[in-house]
Amino acid sequence: MSREQCMSLLGGWEGYGVGTIGRFEAGDQGPRAEVWIELHPKADAPMRCHACGSACEQVHDMQERWVRDLPVFDADTWLLVHRRRVWCDRCGGPKLEAVSWLPAYARVTARLAAQVARLCEALPIKCVADYFALNWKTVKQIDKQALLKKLGPVDLSDVQVIAMDEFAIQKGHRYATVIVEARTKRVLWVGRGRGREDVRPFFAALGHAGCAKLEAVVMDMSAAYAEEVKAWCPQASIVYDLFHVVAKYGREVIDRVRVDEANRLRHDKPARKVIKGSRWLLLRNKKNLHQAQDRVRLRELLAANRKLATVYVLKDDLKQLWRYRRVGAARRFWRQWYNRAIRSRIEPLKSFARKLKGYLDGILAHCRWPLHTSMLEGINNKIKVLKRVAYGYRDDEYFFLKIRAAFPGDG
C-alpha cells in the first residue's frame, strides 16, 4: 500500500483520493508545523447536488479550495481540495457537489467543526481558537451553528408554570430577562431588556392557546412583568417570592432606618460607628451568624437601639408569611404584621407596609403555588460565570444560545 493510499484510508475523505503530501516544520511556513494534503475526486464516485440531493452525471467545472482538517502527527492539517461543480438538471444550473465530510462553502471539515463545538462546551472560544489556530470569529460561528442545530426551536407546547427574572447583561444598568419552566428548570426564553415590550415576544411565541394553559408565574415585584402577564394570561396566578420581598425590605427599611439612626447620633461618634458598620449584621439571617462575636454584637446592637430592634424583628416575622399553606391563616397573620408595622411610628417601615399591601394577592398566591425564584438566582449566577469566562458576548443570540445549552432542564 502506497503512502497516498494509506493516508486516504486514514483520512476517510469519502469520494476523494490523496495526491501529493508535504510536511513543513515550524519556522518553514509559520509558527506551527503543517501537513499539506492534496485531494482529487475519484472518477467512479457518484455525484450529487448539494442543494437538492439529486444524482448528477455532468461535471460543470472544478474549483480549488484550501480547507482545514483535524491536526495530525502534531501538525496542523491543510487540505487542497479539487472540488467539482456539477450540472444539476433539477436545479437548472451548476451546483457544488455534495461531499459528506465537507459542508458547502465551508473552510473546515465537518469533523474539525464537530471537535471545535465539543471543546466550546467547556472552554472559551478564544482558547479553542488558539488551540486549533483558527480565527475566534470562525470558532464562534461554528459553535453557534452547532448550538442552533442541537437546541432547535424551544418546545412551548406544555408550559404551565414559569419563573421570570432579570440579570445584568452589561454595565450601565443594561439588563436581560430570562424565563424558565419552574418545574424542570429549563430555560425557555432569553431577551434583552426588562420592560413590558421586551418580554412580549415570549408571550407572542407562546400564542393564545399556550397563554391559556399558563397557571402560575413566579416573579419579583416588577410592575412591568405583572402587567404583561395580566394582559396575556389573566387566568394565571402571579406569585411574588420571599427572596425579592425581603431584599426590598432590607433596602427600603433596614438600610433607611440604619442611616437615619447613624445621622441622629452624629455627635456620638463611637455609637454612630457601631450602627454604620452593622449593615450586613442586620441583613443576614440569624442562623447564618456562625461567629459567636457576631451574635454578641447583634444582641448588643438590638438592645441599644429600639428602632433597629423593631425593624429586625419584623423582618424575621415577615418571612413567616411564606410558610403558610392556607390563605385564611396567611391573611390573618398579614393583618397582625401590618398593624404592628403601622403602629411602630417608624416612617420607612410604615411606607413599606403600605406599598406591600398592594402586592398581597401575589404574596398569598404562594399558599397555592409554593414557588420561588431561588433556582433563577442560581441560574443568574451561572450566567454571570458564562459571561465572565468569555469576557462578555457581542452577539446576543449566541449568548442566549449558550444560556439555553447550560440549562436544558431536568427532563
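Before moving on, here are some points about what is shown:
- Qualifying residue in segment 222-231 (condition: touching a Ser or Thr at 6+ places or on another chain (Cβ under 9 Å) and within 20 Å of N380 (Cβ to Cβ)): yes
- Annotation note: Cβ proximity below 7 Å between a residue of segment 51-79 that is more than 25 Å from D89 (Cα to Cα) and touching a residue at least 40 places away in the same chain (Cβ under 8 Å) and a residue that is of a type outside the set (D, E) and exposed (fewer than 12 other Cβ atoms within 10 Å of the Cβ) (sequence gap 6+ or interchain) occurs for W78/W66.
- Selection count where residues are outside any loop (DSSP other than H, G, I, E, B) and surrounded by 10 or more Cβ atoms within 10 Å (Cβ to Cβ), scope segment 283-298: 7
Taken together, the values in this text are just the output of simple stated rules run on the coordinates, not laboratory data. In this text, all values refer to a predicted model and were calculated from it rather than measured experimentally. Neighbour counts are summed over all protein chains in view; Cβ atoms, including those assigned to glycine, are modelled from backbone coordinates with ideal geometry.
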